[in-house]
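Participant: One structure, pasted below without further comment.
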Amino acid sequence: VSADFTSSPLEGEILYLPKAEVRLMDDSPNAVNWFWDFGDGNFSTDQNPVYIYPLVGRYEIVLTATDELGCVSTFRRFPYEVREPLLFIPNVFSPNGDNLHDSYVVQYEGAEETLIKIYDRWGNLQFESNSFLSSWDGKADGSEVPEGVYFYMIRVGEKAYEGELTLLR
C-alpha cells in the first residue's frame with residue numbers, strides 16, 4: 001500500500017471559522033484500513049472523512065493506510081490553516097468622484113453567507129446586497145442620495161451588526 005490523499009480545499013488554502021471544513025479523499029491503492037490524524041488531537045478511521053476544525057491554528061493532516069497483508073504507509077499534507085473571519089465595516093464614505101472612498105465597501109474575509117442593507121433616517125431601503133463584492137455608490141433608484149447619516153444592517157452567518165454611516169459629498 002502507498003498512502004495518499006487529496007483534499008478540498010487543498011492544503012495551503014485558508015479555512016475560516018466557524019465552518020472550517022475539509023473533505024478528505026483517500027487515494028491509497030489496496031488500502032483496507034485508514035487512520036486519519038487531523039493534527040488537533042482528533043482522529044477518524046473513515047475512508048473519506050469530512051472534518052470541521054473548531055479552533056484557529058495551522059494543522060498537518062496525516063493518513064496512515066494499511067493493506068490486507070498488514071503493510072502500513074503514511075502520507076501527510078501541510079498546512080491547513082484555520083483563521084477567524086475578518087470584517088471591517090467603514091463608517092464614512094464620500095462618493096464625489098475623486099477616486100478616494102467613492103463607494104461604501106464592507107471588507108470581509110470568510111466563508112459565511114452575507115447580507116448588507118442600508119437605510120435612510122426614515123427607514124427607506126437605499127441599498128441591498130447579499131455579497132460584499134458589491135459596493136454602494138451613494139445612489140438609490142439611479143439618483144444620488146443627499147449627504148447625511150444612514151444606517152446599515154449587516155449579517156454575516158448568524159451574527160448581525162447595526163450602525164451608522166456618514167455619506168459626505
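Participant: If residue 63 passes every condition in (1) in contact with a strand residue (DSSP E or B) (Cβ under 6 Å, 6 or more places away or on another chain); (2) among the aliphatic types (A, V, I, L, M); (3) exposed (fewer than 13 other Cβ atoms within 10 Å of the Cβ) but one, which one does it miss?
Facilitator: Of (1) in contact with a strand residue (DSSP E or B) (Cβ under 6 Å, 6 or more places away or on another chain); (2) among the aliphatic types (A, V, I, L, M); (3) exposed (fewer than 13 other Cβ atoms within 10 Å of the Cβ), only one is false for residue 63: (3).
Participant: Right, another one. Would you mind telling me which numbered condition in (1) buried (at least 16 other Cβ atoms within 10 Å of the Cβ); (2) closer than 28 Å to residue 8 by Cβ; (3) in contact (Cβ under 8 Å) with a residue 24 or more places away in the chain residue 86 fails?
Facilitator: (1)
Participant: Hey, can you tell me all the residues within segment 1-36 that are surrounded by 15 or more Cβ atoms within 10 Å (Cβ to Cβ) and small (Gly, Ala, Ser)?
Facilitator: Those that are surrounded by 15 or more Cβ atoms within 10 Å (Cβ to Cβ) and small (Gly, Ala, Ser): 3, 7, 20, 28, 31.
Participant: For residues in segment 40-58 being in contact with an Asp or Glu (Cβ under 6 Å, 6 or more places away or on another chain) and not aliphatic (A, V, I, L, M), which is nearest to residue 7 (Cα to Cα)?
Facilitator: Out of the qualifying residues, it is 48.
Participant: For segment 144-151, indicate whether the set of residues that are outside any loop (DSSP other than H, G, I, E, B) and at positive phi is non-empty.
Facilitator: Yes, some residue in segment 144-151 is outside any loop (DSSP other than H, G, I, E, B) and at positive phi.
Participant: Restricting to segment 152-169, name every residue that is in a strand (DSSP E or B) and either in contact (Cβ under 8 Å) with a residue 60 or more places away in the chain or at positive phi (or both).
Facilitator: Within segment 152-169, 152, 154, 156, 161, 163, 164, 165, 166, 167 meet the criteria.
Participant: Any chance segment 46-64 includes a residue that's touching a residue at least 40 places away in the same chain (Cβ under 8 Å) and more than 26 Å from the chain's Cα centre (by Cα)?
Facilitator: Yes, there is a match, as at least one residue in segment 46-64 is touching a residue at least 40 places away in the same chain (Cβ under 8 Å) and more than 26 Å from the chain's Cα centre (by Cα).
Here's the yes/no breakdown for (1) more than 23 Å from residue 12 (Cα to Cα); (2) acidic (Asp, Glu); (3) modelled with pLDDT of 95 or more:
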residue	(1), (2), (3)
23	no, no, yes
59	no, no, yes
70	yes, no, yes
100	yes, no, no
104	yes, no, yes
113	no, yes, no
124	yes, no, yes
129	yes, no, yes
134	yes, no, no
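Participant: Also: How many of the residues in segment 124-138 are under 29 Å from the mean Cα position of the chain (by Cα), more than 17 Å from residue 91 (Cα to Cα) and open to solvent by 30 Å² or more (accessible area, probe 1.4 Å)?
Facilitator: First pass over segment 124-138, keeping only residues under 29 Å from the mean Cα position of the chain (by Cα): 125-138.
The next check asks that each one be more than 17 Å from residue 91 (Cα to Cα); those that pass are 125, 129-131, 133.
Restricting the remaining residues to those that are open to solvent by 30 Å² or more (accessible area, probe 1.4 Å) gives 125, 130-131, 133.
Of the residues in that region, 4 qualify.
Participant: I'd like to check which strands (runs of 3 or more DSSP E) are fully inside segment 1-88 and have at least 2 residues that are in contact with a Lys or Arg (Cβ under 8 Å, 6 or more places away or on another chain) and among the small types (Gly, Ala, Ser).
Facilitator: Filter on segment 1-88 gives 5-8.
Participant: Restricting attention to segment 89-120, which residues are of a type in the set (A, V, I, L, M, F, W, C) and either under 14 Å from the mean Cα position of the chain (by Cα) or part of a strand (DSSP E or B) (or both)?
Facilitator: Passing the criteria: 92, 93, 111, 115, 116, 118.
Participant: Same structure again: Report yes if some residue within segment 68-77 is open to solvent by 70 Å² or more (accessible area, probe 1.4 Å), aliphatic (A, V, I, L, M) and within 20 Å of the chain's Cα centre (by Cα); otherwise report no.
Facilitator: Taking every residue of segment 68-77 in turn, none turns out to be open to solvent by 70 Å² or more (accessible area, probe 1.4 Å), aliphatic (A, V, I, L, M) and within 20 Å of the chain's Cα centre (by Cα).
The values are calculated or read from the model by the stated rules, or taken from the named source; none is laboratory data. If you're wondering where the values come from, they're calculated on a predicted model, not measured in any experiment. In this analysis, Cβ positions are derived from the backbone assuming ideal geometry, glycine residues included, and neighbour counts consider all displayed protein chains. Side chains are part of the model used for accessible areas, which takes the heavy atoms of the whole protein and leaves out ligands, DNA and RNA. Shrake-Rupley method; radii C 1.70, N 1.55, O 1.52, S 1.80 Å.
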